[in-house]
Amino acid sequence: MRIILVGPPGAGKGTQAARLVERLGIPHISTGDMLRAAVKAGTELGKKADGYMKAGDLVPDAVVIGMAVERIGEPDAQKGFMLDGFPRTRPQAEALDAALSAAGVQLDAVVLIEVDDSLIVERITGRRTDPETKRIYHMTFDPPPAEVAGRLVQRKDDTEEACRARLKKYHGETAPIIPFYEDKGLLRRVDGVGSPDAVTARLTAALGG
Ligand code: AMP
């Protein structure tokens, strides 16, 4: 299956994608994870992306499109993929469309995880990641076990200020991709409020069980 997960920052895209890809046997492709890895490795691409990411701005389309299209062309993505955080702008959605058409393949579903803005800041500022397992926790809603608590890290862009900037970008630049996919009959809406298990169950149902 070729699936896109869309939703505001903190909607649970990363958490849910990690759960779903195991069952579906497809790679989880997160442009945010790829960019963070590039920043950490100090590559040219990482150097270009770093400042935008810290500020909660979008990395320019010219940088992200090539990276994402190249990734979905890799062998493990030929049987399908779950895209998380891409596309994030209308030009990105159009570039993805062109790349998939050129490859003679089609998307199966675009799933929008809906969470109200009023819940997002609390979700984001409490978020922590285990650098060893990549498991995402929340200090209040999904607290880590004592043995991993000491090694958890907080993303640089998970401050309240950057979160508000990212929400603004989401509404201004990413939300316009929703009608683009709605017009193609691909959009499925899922309520992202509730426990991770409840949301996984809704997503599984939206993807046809
Ligand atoms: P995420 O992990 O998906 O929340 O992404 C973290 C940050 O990486 C975003 O706030 C952007 O700065 C950057 N980023 C990730 N994916 C994209 C994308 N498709 N287009 C532009 N910037 C992106």
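Using the Karplus relation 6.51 cos²θ - 1.76 cosθ + 1.60 with θ = phi - 60°, the per-residue 3J(HN,Hα) values for the stretch 41-46 come to 7, x, 6, 4, 4, x Hz, with x marking Gly and Pro. Neighbours of THR43, meaning other residues whose beta-carbon lies under 13 angstrom from its beta-carbon, give a summed charge of +2 when Lys and Arg score +1 and Asp and Glu score -1.
Which of rounded, prolate or oblate describes the chain when judged by the alpha-carbon gyration tensor and an a/c cut-off of 1.5? Mind showing how you got there, number by number?
Working: a/c = 1.41, a/b = 1.19, b/c = 1.18.
Taking the square roots of the gyration eigenvalues as a ≥ b ≥ c, the chain is rounded.
Taking each DSSP H run with n ≥ 4 as -39500 (n - 2.57) and averaging over every residue of the chain yields -14500 deg cm²/dmol at 222 nm.
Under the convention that each Lys and Arg Cβ holds +1 and each Asp and Glu Cβ holds -1, the size of the dipole of the chain around its Cα centre is about 220 debye.
Placing dummy labels 7 Å off each Cα toward the beta-carbon, the span from GLU122 to ARG90 is 3.5 nm. Ordering VAL59, LEU152, ALA175 by the projection of their Cα atoms onto the charge dipole of the chain, which places +1 on the Cβ of Lys and Arg and -1 on the Cβ of Asp and Glu, puts LEU152 at the extreme positive end. Pairs exceeding 22 Å between alpha-carbon atoms, taken from LYS48/LYS156; LYS79/LYS134; LYS134/LYS184; LYS40/LYS79; LYS54/LYS184: LYS79/LYS134; LYS134/LYS184; LYS40/LYS79; LYS54/LYS184.
Considering only DSSP states other than H, G, I, E and B, which chymotrypsin sites (Phe, Trp or Tyr not before Pro) in the stretch 121-175 qualify as loop sites with at most 16 other Cβ atoms within 10 Å?
When the chymotrypsin sites (Phe, Trp or Tyr not before Pro) of the stretch 121-175 are filtered for loop state and at most 16 Cβ neighbours within 10 Å, PHE141 remain.
Each residue, ALA55 and ALA206, gets one label point 7 Å from its Cα in the Cβ direction; the gap between the two is 3.1 nm. Sparsely packed loop sites in the stretch 45-124 (the trypsin sites (Lys or Arg not before Pro) outside DSSP H, G, I, E and B with at most 12 other Cβ atoms within 10 Å) comprise LYS79. Averaged over its residues, the stretch 12-134 has an accessible area of 48 Å² per residue, based on protein heavy atoms and a 1.4 Å probe. Working note: Karplus 6.51/-1.76/1.60 with θ = phi - 60° gives the stretch 64-72 the couplings 7, 4, x, 4, 6, 5, 4, 5, 6 Hz, where Gly and Pro are set to x. Accessible surface of the stretch 49-126, 1.4 Å probe: 51 percent of it comes from carbon and sulfur atoms. Among beta bridges identified by DSSP and lying wholly in the chain, the antiparallel ones come to about 25 percent.
Here's the picture: charge each Lys and Arg Cβ at +1 and each Asp and Glu Cβ at -1 in the chain, and of SER118, HIS138, ALA77 the one pushed furthest to the positive end of that dipole is HIS138.
The values are calculated or read from the model by the stated rules, or taken from the named source; none is laboratory data. Everything quoted here is computed from the prediction, not taken from an experiment. Neighbour counts are summed over all protein chains in view; Cβ atoms, including those assigned to glycine, are modelled from backbone coordinates with ideal geometry. Ligands, DNA and RNA are stripped out before the accessible areas are found, and what is left, the full protein with its side chains, is counted by its heavy atoms. Shrake-Rupley method; radii C 1.70, N 1.55, O 1.52, S 1.80 Å.
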